[in-house]
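Chemist: One structure is given below, represented as structure tokens, and several questions about it will come after.
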Amino acid sequence: MSEPAALSETESGTEADSAGLAVSLRGVTKVYDSGVSALGPFDLDVRKGEFVSLLGPSGCGKSTALRLIAGLNAPTSGTVRVSRPAVEVSGGHSIGFVFQEPTLMPWTNVRENVRLPLKLAHVPAAPANARIDAALAQMGLSEFADAYPRELSGGMKMRVSLARALVTDPDILLMDEPFAALDEITRFRLNNDLLALWRNLRKTVIFVTHSVFESVYLSQRVVVMTSRPGRLGAEIRIDVPEPRGEEFRTSADYAGYCRRVSNALVPSYAGQPGA
Amino acid sequence: MPDSRALRLVRILLPVAVLALGIAAWELVVRLNDIPPYVLPGPSAVFRTLIADWPVLSQSLLTTLVTTLEGFAAAALGGIGLALLFNQSKWLEYSLFPYAVILQVTPVIAVAPLLLIYLPQQTAVIVCAWIVGFFPVLSNTTLGLNSVDRNLAGLFRLYGASRLQTLCYLKLPAALPFILGGLRIAGGLSLIGAVVAEIAAGSAGAGSGLAYRIAESGYRLNIPRMFAALLLLSAAGIVIYGLLALTSHLVLRRWHESALGKEN
């Protein structure tokens, strides 16, 4: 399972660094053991501090691309480069990953769930506690530190998942349809919180979604992918000054971008049965 | 909620009432028909024997309980340990699992006499209890270790967790409800294994556990003592199950569905 080929590629991060890139994919393909061709060839460059959305229908390989960047799977061919910080902070980790489900450990409370990445990196208790408190405060979870996951709502669980991803202070945040299962009101609030986080912390965010509206609202750039196998369909820059808020969500600009992105999405599912 | 409380009371009172009725009917039948105690003793006679023979029976109860406990401990350690080994190495699992199944499906009553030939008696009895008890622990633990959330496993990989960390912080906690379920079954089975071995050993002429008392009393037509020993065995089984269920509830009550109230 250790897939050494991919690891050696991702470790040589200097090339991506020199161009100011956080992530760089070149000619990446992924064919699963079942013979299903899930991705590629696929190219993607993400600058440091950029917020990019990968948008596409189900099965277009956007989650696969994310898992390849995270190193959870190895590409069948091509190179995946991820920049690493020059100086490793103790207990730091350059990538934070947020799954579609909160993916919390049900047997322990919020604080211990957030502690997990630090515990795995053997960070001593005192500095770990300080960072956990900071991450919890950042996500508005301070009062819920002792709650168990089952006692929390879906939105709160997702906040815990985000706090856990942020506790290692990663440079790159990979998010795999994190808010897809939430109701719209909760999703709007988490969208705003995520944007505020991104403005303050200037992390690189790669955000997988199948919502046109979410992708336009959040990102600086929307990458539209086509289906089976997943390829780059179109790229649309969302040139709207920060900070974005409710005015943007209801503006004509926003509607215009949504129309453009929707139109770009049409070829990706045209001619697909049952789409 | 007066309704649910009343329902709970009824659920406790009903079986107690049935027990009382059954005992009364039994006593009545024995007295009315003048059945001699060596055919069928009444409940009062059984109870009197329980008190009168308490010095002998309590000793036997202790012996059987110790055997059960040792067999249960061996089953728990063996089952969990083997499951952990299987989880770390597929090769080991493929090589050994069929034999675990064979050990399970071969009736222990048939194996016990053989074990008594080759092993010292006390060891043979414990081995019998172990054979019966370890399989549910093994198969439940294996199921639990394989039921880990895939995304959580991915997360552990992302953060570079070692095998030991993955085992201690992810696999074992995730498997805990399954392990406890296996232990609950193994508790009762260990008692059965101990009894079976004692009976096999007893007929070979040695031993002093409760099952041996039952066999011995049978030869001597001391039927009241048979019933008294049986009563103690039953009570021992209930207590073992109750203790394990309580442990399971206390360990899981904060997080696992099985231990949560319905209204949650």
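Every read-out reported here was derived from the displayed coordinates using simple, explicitly stated rules and does not represent laboratory data. Quick caveat: nothing in here was measured; it's all calculated off a predicted structure. Cβ placement follows ideal geometry from the backbone for every residue including glycine, while neighbour counts extend to all protein chains displayed.
Chemist: So for each of A:55-66, A:150-161 I average, over its residues, the number of other beta carbons within 10 Å; can you give me the resulting order with the highest mean first? Working shown, then result.
Modeler: Numbers: A:55-66: 23.4, A:150-161: 19.4.
Final packing ranking: A:55-66, A:150-161.
Chemist: Still on this structure: Could you work out, residue by residue across A:95-104, how many beta carbons of other chains sit within 10 Å of that residue's beta carbon, and then give the average as an integer?
Modeler: Average neighbour count from other chains, rounded to a whole number: 3.
Chemist: Putting +1 on Lys and Arg Cβ atoms and -1 on Asp and Glu Cβ atoms, find which of B:188, B:172, B:230 reaches farthest to the positive end of the dipole of chain B.
Modeler: Projecting each Cα onto the dipole axis, the largest value belongs to B:172.
Chemist: Work out the mean other chain Cβ neighbour count within 10 Å for the residues of B:144-153 and drop it here as an integer.
Modeler: 3
Chemist: Could you go through the stretch A:231-236 in sequence order and give the Karplus-derived ³J(HN,Hα) for each residue, using 6.51 cos²θ - 1.76 cosθ + 1.60 with θ = phi - 60°, rounded to whole Hz, and x for Gly and Pro?
Modeler: Karplus values, whole Hz, x for Gly and Pro: 9, 6, x, 7, 10, 10.
Chemist: Still on this model: For chain A, what are the DSSP H helices with axial Cα length of 30 Å or more and mean Kyte-Doolittle hydropathy of at least 0.0? Mind showing how you got there, number by number?
Modeler: Working: long enough: none.
TM-like helix candidates: nothing returned.
Chemist: Which of B:73, B:200, B:175 ends up with the largest GNM mean-square fluctuation for chain B, with Cα atoms connected below 10 Å?
Modeler: Residue with maximal mean-square fluctuation among B:73, B:200, B:175: B:175.
Chemist: Next question. Would you mind counting up the charge near residue B:143? Only other residues with Cβ under 15 Å from its Cβ, with Lys and Arg at +1 and Asp and Glu at -1.
Modeler: 0
Chemist: Right, here's the next one. 5 Å is the cut-off here: which amide hydrogens, built 1.01 Å from N in the peptide plane, fall below it relative to residue A:39, excluding neighbours closer than 5 in sequence?
Modeler: Result for residue A:39 returns A:30, A:230.
Chemist: With charges only on Cβ, +1 for K and R and -1 for D and E, what is the dipole size of the stretch B:1-148 about its Cα centre, in debye, rounded to 20?
Modeler: Dipole size: approximately 300 debye.
Chemist: Per q in 0.13, 0.21 Å⁻¹, report the Debye log10 I(q)/I(0) for the stretch B:66-220, using one uniform scatterer on each alpha carbon and no solvent.
Modeler: At q = 0.13, 0.21 Å⁻¹ the computed log10 ratios are -0.64, -1.20.
Chemist: How would you classify the stretch A:149-191 from its alpha-carbon gyration tensor, with a ≥ b ≥ c the square roots of the eigenvalues: rounded for a/c under 1.5, else prolate if a/b is greater than b/c, otherwise oblate?
Modeler: oblate
Chemist: Mind checking A:184-197 for the average number of partner chain beta-carbons within 10 Å of each residue's beta-carbon?
Modeler: For peptide A:184-197, the averaged partner shielding equals 0.
Chemist: Still on this structure: Size of the dipole of chain B about the Cα centre, Lys and Arg at +1 and Asp and Glu at -1 on the beta carbon, nothing else charged, in debye to 20? Don't skip to the end; give the middle numbers.
Modeler: On the way: 17 positive and 11 negative charges, 125 e Å.
With only Lys, Arg, Asp and Glu charged at Cβ, the dipole is about 600 debye.
Chemist: Sticking with this one: By the gyration tensor of its Cα atoms, with a ≥ b ≥ c the square roots of the eigenvalues, what is the shape of the protein assembly as shown: rounded for a/c under 1.5, prolate for a/b over b/c, or oblate?
Modeler: prolate
Chemist: For a 27 Å ceiling on Cα separation, which of these pairs sit above it: A:119/A:203; A:30/A:157; A:62/A:157; A:157/B:90? Display every interim value, and only then the final one.
Modeler: Numbers: A:119/A:203 23 Å; A:30/A:157 31 Å; A:62/A:157 23 Å; A:157/B:90 35 Å.
Exceeds cut-off: A:30/A:157; A:157/B:90.
Chemist: Now a separate question. What percentages, rounded to whole numbers, describe P(r) for chain B computed over all alpha carbon pairs with 5 Å bin width beginning at zero?
Modeler: 1, 6, 10, 12, 13, 13, 12, 11, 9, 6, 4, 2, 1, 1, 0, 0
Chemist: Per residue of the stretch A:206-217, in order, report the coupling 6.51 cos²θ - 1.76 cosθ + 1.60 (Karplus, θ = phi - 60°) as ³J(HN,Hα) in whole Hz, putting x for Gly and Pro.
Modeler: Going residue by residue, I get 10, 10, 8, 8, 10, 9, 4, 5, 5, 5, 5, 5 Hz, with x marking Gly and Pro.
Chemist: Under the Karplus relation 6.51 cos²θ - 1.76 cosθ + 1.60, θ = phi - 60°, what is the ordered set of whole-Hz ³J(HN,Hα) values for the stretch B:162-179, x standing for Gly and Pro?
Modeler: 6, 4, 5, 4, 4, 5, 6, 9, 10, 5, 5, x, 5, 8, 3, x, 5, 4
Chemist: Right, another one. Once both axes come from the Cα atoms, what is the angle between helix B:121-145 and the longest principal axis of chain B, in degrees from 0 to 90, rounded to 10?
Modeler: Roughly 40 degrees between the two axes.
Chemist: From the residues B:4, B:45, B:14, which one has its Cα farthest along the dipole of the stretch B:1-66 in the positive direction, the dipole being from +1 and -1 charges on Cβ of Lys/Arg and Asp/Glu about the Cα centre?
Modeler: With unit charges placed on the Cβ atoms, the residue in question is B:4.
Chemist: Okay, moving on. Quick one: check the C-alpha center-to-center distance for the stretch A:201-235 versus the stretch B:211-249, whole angstrom.
Modeler: Taking the Cα centre of each part, the stretch A:201-235 and the stretch B:211-249 sit 68 Å apart.
Chemist: Determine the sum of side-chain charges near residue A:113: Lys and Arg each +1, Asp and Glu each -1, restricted to other residues whose C-beta is under 15 angstrom from that of residue A:113.
Modeler: +3
Chemist: Quick one: which residues, 5+ away or cross-chain, put their amide H under 5 Å from the amide H of residue A:96? H built at 1.01 Å from N.
Modeler: A:172, A:173, A:174
Chemist: Mind listing the long-range amide H neighbours of residue A:56? Cut-off is under 5 Å, sequence gap 5 or more, other chains count too, H placed in the peptide plane at 1.01 Å from N.
Modeler: A:209, A:225
Chemist: Going by average Cβ neighbours within 10 Å, how do the peptides B:21-30, A:112-121, A:186-195 rank, with the highest at the top?
Modeler: Working: B:21-30: 13.0, A:112-121: 22.0, A:186-195: 17.8.
For the peptides B:21-30, A:112-121, A:186-195, the packing ranking is A:112-121, A:186-195, B:21-30.
Chemist: Same structure again: Can you tell me the mean projection area, over all orientations, of the convex hull of chain A's alpha carbons? Units nm², please.
Modeler: 15.2
Chemist: Tilt of helix B:223-252 relative to the longest C-alpha principal axis of chain B, in degrees (0 to 90, nearest 10)?
Modeler: 20
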